[in-house]
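Chemist: One structure coming up, written as structure tokens, with questions to follow.
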Amino acid sequence: MKKRWMVLLAVVLVGLVLYCCQNADKGEPLPDLVLRYADNQPEGYPTTLAAQYFAQLVEERTEGRIRIRVYCDGELGSEVSVLEQLRFGGIDMARLSSAILEGEYEDFSVLTLPYLYENDEHMRRVLEGPVGQRFLIQRSSSGLLGMSWYDAGARSFYTREPIGGLEDLQGKHIRVQESEMMSRMMVLLGAVPEKMSYEQVYSALLTGTVDGAENNLPSYVSTGHSQAAGYFFADEHSRLPEMQLVSTYAMDRIAQVDGGFPALILQCARESAAYERTLWEEQVNASREECLRQGVTIIEPTDEQQEAFRAAVQPLYDELSVSGKALVAEIGTYWVEN
Ligand code: GCU
């Protein structure tokens with residue numbers, strides 16, 4: 001009797017081992033390493049499509065040894081919580097807005113200054129040049145490594161009631177990301193900054209907890225904010241690049257599987273960034289059309305209004321450290337007027 005049980009147990013164990021060695025869907029061997037990647041944008045958004053492309057490249061080029069699971073729509077938490085989990089190895093990789101990363105590197109917040117880049121092209125040159133690469137090759141204060149830069153265009157204000165210029169922002173409660181730079185900017189513009197996570201903004205707009213927020217057009221539309229705050233003031237005050245990051249723990253595990261520095265992973269991340277950029281441009285155009293379809297009022301600021309905004313945030317530049325000012329000057333050299 002005892003022997004029969006032993007045989008049965010052995011059969012079950014062998015079955016389990018065989019099952020674990022197979023990918024149930026594809027009949028392929030299981031990967032050596034499965035990594036978790038977080039993005040707070042929904043399925044189909046440029047950053048998540050590019051993240052999925054990144055995962056596909058990695059899986060193909062490591063011949064299935066490394067698999068990256070992309071969790072989108074904030075499934076793994078808000079950006080602040082994802083950053084915390086990256087620091088402690090709970091999440092392996094993520095795409096985060098640079099506003100959230102201001103404490104990770106010295107002078108990083110300089111990259112998020114309003115009116116720092118003259119246009120998208122200027123920002124891209126900076127990120128692809130020595131400044132952007134410098135931040136990618138150094139480990140952050142908590143050991144994270146930036147893998148690539150993703151594009152997130154320009155951010156503008158949108159409100160429940162129309163705004164025609166700086167005077168209409170005075171005393172308005174405007175949602176900002178959980179960032180000191182963004183809060184300070186809002187105070188200088190005369191508004192009341194309301195820090196909250198991306199996921200909380202829609203209901204705050206609906207209930208009137210905030211009078212408005214600011215973001216790029218694809219985010220404005222894909223979150224439904226365009227239906228809760230139908231006035232888009234296209235002032236393009238900030239361009240916040242986004243970073244794909246990997247935790248120090250994941251890097252060590254990748255190195256064990258891949259036998260060395262994970263250059264292959266970084267290469268895939270950079271190729272996915274180039275893909276994201278093409279998707280981004282298409283998405284901006286599609287979002288603009290969607291705004292028109294929804295009856296959003298897009299207000300183009302005059303040159304005087306733009307000047308008033310720029311002048312109001314000048315203290316952010318005056319308050320910079322010596323190295324911060326040097327970085328601003330260096331970034332300025334990448335602006336080439338067409
Ligand atoms: C953009 C960005 C997000 C960020 C959001 C925000 O949409 O892509 O990563 O969370 O701005 O305003 O919080």
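Chemist: Just Arg293, Arg175, Arg155 to compare: in a GNM of the chain, with alpha carbon springs under 10 Å, which one fluctuates most?
Modeler: Looking only at Arg293, Arg175, Arg155, the biggest GNM fluctuation is shown by Arg293.
Chemist: With 10 Å bins from zero, work out the P(r) of region 294-338 over every alpha carbon pair and list the percent per bin.
Modeler: All Cα pairs considered, the percentages come to 21, 30, 33, 13, 3.
Chemist: In terms of modelled amide H atoms, which long-range or inter-chain residues lie less than 5 Å from the amide H of Ile299?
Modeler: Phe232, Phe233, Ala234
Chemist: Separate question: Keeping every protein chain in place, order Met185, Met196 by accessible area at 1.4 Å, biggest value first, i.e. largest first.
Modeler: Heavy-atom accessible area, descending, gives Met196, Met185.
Chemist: Continuing with the same structure: Taking every DSSP beta bridge with both residues inside the chain, roughly what % is antiparallel (nearest 5)?
Modeler: 55 percent
Chemist: Express the carbon and sulfur contribution to the solvent-accessible surface of region 82-174 as a percent, rounded to the nearest whole number, probe 1.4 angstrom.
Modeler: Of all accessible area on region 82-174, carbon and sulfur atoms account for 47 percent.
Chemist: Another one. In Å and whole numbers, how far do the C-alpha atoms of region 151-269 stretch along each principal axis, longest first?
Modeler: Principal extents (largest minus smallest coordinate, Cα): 58, 28, 23 Å.
Chemist: Let me ask another. Using only alpha carbons, build the gyration tensor for region 39-174 and give me the equivalent ellipsoid semi-axes, biggest first, whole Å.
Modeler: Computed over region 39-174, the values are 30, 19, 16 Å.
Chemist: For a quick check of understanding: with a 1.4 angstrom probe and all protein chains in place, what accessible area in square angstrom does Arg36 have, to the nearest ten?
Modeler: Counting only protein heavy atoms, Arg36 exposes about 80 Å² to solvent.
Chemist: What are the residues whose amide H is under 5 Å from the amide H of Glu194, where those residues sit 5 or more places off or on another chain and H is modelled from the backbone?
Modeler: Ile174, Arg175, Val176
Chemist: Same structure again: Per residue, how much accessible surface does region 130-225 expose to a 1.4 Å probe? Answer in Å², no decimals.
Modeler: Result: 34 Å² per residue.
Chemist: Quick one: the Cα spread of region 201-315 along its three principal axes, in angstroms, biggest first?
Modeler: Taking max minus min along each principal axis of the Cα atoms, region 201-315 gives 55, 36, 30 Å.
Chemist: Right, something else. Where the Cα atoms of the chain are projected onto their three principal axes, how long is each span, largest first, in whole Å?
Modeler: Here the spans come out as 89, 43, 32 Å, largest first.
Chemist: Under 5 Å between amide hydrogens, which residues at least 5 positions from Leu35 or on another chain qualify, with H placed 1.01 Å from N in the peptide plane?
Modeler: Arg67, Ile68, Arg69
Chemist: Report relative contact order for the chain in percent, whole number only (criteria: Cα-Cα under 8 Å, sequence separation at least 6).
Modeler: About 23 percent, as a whole number.
Chemist: Would you kindly derive the ³J(HN,Hα) couplings of region 184-200 from the backbone phi angles with the Karplus curve 6.51 cos²θ - 1.76 cosθ + 1.60 (θ = phi - 60°), listing them in order in whole Hz, with x for Gly and Pro?
Modeler: Taking θ as phi minus 60°, the curve returns 5, 4, 5, 4, 5, 7, x, 9, 9, x, 10, 6, 7, 6, 3, 5, 8 Hz for region 184-200.
The values are calculated or read from the model by the stated rules, or taken from the named source; none is laboratory data. Quick caveat, the model's predicted, so the values are computed rather than measured. All accessible areas refer to the heavy atoms of the entire protein, side chains included, with ligands and DNA or RNA removed. Shrake-Rupley method; radii C 1.70, N 1.55, O 1.52, S 1.80 Å.
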